[in-house]
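Okay, structure first, notes after.
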Amino acid sequence: MIELEKTYLAKYLPEGLENCKYKEILDIYLPTEARHPTLRIRKNGDKYEITKKEPIANDPSEMKEETTTLTKEEFDELNKNLIGKRVRKLRYYYGYNGRIAEVDIFQDSLIGLIVIDFEFDNVEDKNTFHMPEFCLIDITQEEFIAGGMVCGKNYEDIEDNLRILGYGKIMLD
C-alpha cells in the first residue's frame, strides 16, 4: 500500500479538539541500533499491528507501507521481549474541511510536541492541499521529526531543530 501524507507542526490546538475521539498509541521501533528505524510495532487503542514503512524515491510524503495485524497476545509477547525505541502519544481525530486531521499529542519525555497529519487518496489532492491555520509549518520532509527518529528521544533532543522552525512547546492544561 502507498501512503500519501502531509505532516505539520501545530501552531495551536484546533477549536473543539477536546470533544473529538482519540486513542492512545504506543509505538516500538526496531532495530534499536538503527539511526532511523523503519519497522514499527503498534498498539493503537485496542488494535495491534506490525508495520514496515519506507519512503518511495526518497519522498517522505509517499511511503510504501506493509502492515500485518497482530493479536493482543502476539503484541504482548513482542512487547515484553523487545528493547525497541518507544514513543507514546494521544491521537485525536479532528474533522477539517471534509478531511480527518490526526492530531498527535506526544506524552512522557516528548510532552509539548504536537504534530498533525493529513492522509490523501491521490497525489493531486496531496499537492493542492492548503495548510490549515492551526498548523505552523509543513514538516513532511523533515527527517528529524519522523516517528522512527523521535522514538526513544526526549523533547530536549529535538528542541533546537524545533526552535529553528519557529515551534515552541505547547503545554496542555
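Points worth noting:
- Residues of the stretch 45-81 that are of a type in the set (A, V, I, L, M, F, W, C) and surrounded by 15 or more Cβ atoms within 10 Å (Cβ to Cβ): 50, 63, 70, 75, 78.
- Scanning the stretch 36-60 for residues that are free of Cβ contacts under 8 Å to residues at least 40 places away in the same chain and either assigned to a loop (DSSP other than H, G, I, E, B) or among the β-branched types (Val, Ile, Thr) (or both) yields 45, 46, 50, 51, 57, 58.
- Taking residues in the stretch 78-90 that are closer than 16 Å to residue 46 by Cα, and partners anywhere that are part of a helix (DSSP H, G or I), the pairs with Cβ atoms closer than 7 Å and at least 6 places apart or on different chains are 88/108.
- Test: residue in the stretch 93-102 that is over 13 Å from the mean Cα position of the chain (by Cα) and surrounded by 17 or more Cβ atoms within 10 Å (Cβ to Cβ): yes
- Among the candidates 29, 8, 12, residue that is in a loop (DSSP other than H, G, I, E, B) and aromatic (Phe, Trp, Tyr): 12
- Cross-chain or 6+ apart pairs with Cβ under 6 Å, the stretch 122-145 first and touching a residue at least 60 places away in the same chain (Cβ under 8 Å) and surrounded by 16 or more Cβ atoms within 10 Å (Cβ to Cβ), then of a type in the set (S, T, N, Q) and outside any loop (DSSP other than H, G, I, E, B): 139/7; 140/7; 140/61
- One residue stands out in the stretch 87-126 among those that are among the basic types (Lys, Arg) and touching an Asp or Glu at 6+ places or on another chain (Cβ under 7 Å): the one that is nearest to residue 152 (Cα to Cα), namely 88.
- Checked against the criterion of being among the charged types (D, E, K, R) and under 13 Å from the mean Cα position of the chain (by Cα), the candidates 85, 53 yield just one match: 53.
Read-outs: derived from the displayed coordinates by stated rules, not from any lab. Small disclaimer: the values here were computed from a predicted structure and weren't measured. All Cβ positions, glycine included, derive from the backbone under ideal geometry; neighbour counts span all protein chains shown.
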